[in-house]
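Below you'll find the structure, written out as structure tokens, and then a few comments.
Derivation of every value follows stated rules applied to the coordinates shown; laboratory data play no part. All values derive from a computational prediction rather than experimental measurement. In this analysis, Cβ positions are derived from the backbone assuming ideal geometry, glycine residues included, and neighbour counts consider all displayed protein chains.
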Amino acid sequence: MDQYPTIKLIVEKGNALAIAIGLLPFVGAIVLVACGVHWLVLAAGIIGTAVLYLLMRSYVELVRVIADMLLPK
């Protein structure tokens, strides 16, 4: 799997990547609220975080299945 470094990264560190990318809407919402935007943006950030985290987890699982079944070991 050395010829596919991105797939290797996702397979090995996929859980941490899903958490880090999933938290981005929440962090962005906190920054916006701190800059004076309406506080409901924080609720949207929390919902966005949940949705993005679930999407990232499913993507990581799909990449792991594909890497496990199709790539030579």
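The figures follow:
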{"read-out": "Loop-located chymotrypsin sites (Phe, Trp or Tyr not before Pro) in segment 1-70 whose Cβ has at most 15 other Cβ within 10 Å (DSSP)", "value": "Trp39"}
{"read-out": "The chain: Rg to Rh, with Rh as the Kirkwood radius over Cα pairs", "value": "1.18"}
{"read-out": "Fewest-first sequence of Met69, Met56 by Cβ atoms within 10 Å of each Cβ", "value": "Met69, Met56"}
{"read-out": "Rounded to 10°, Cα long-axis angle of helix 40-70 versus longest principal axis of the chain", "value": "0 degrees"}
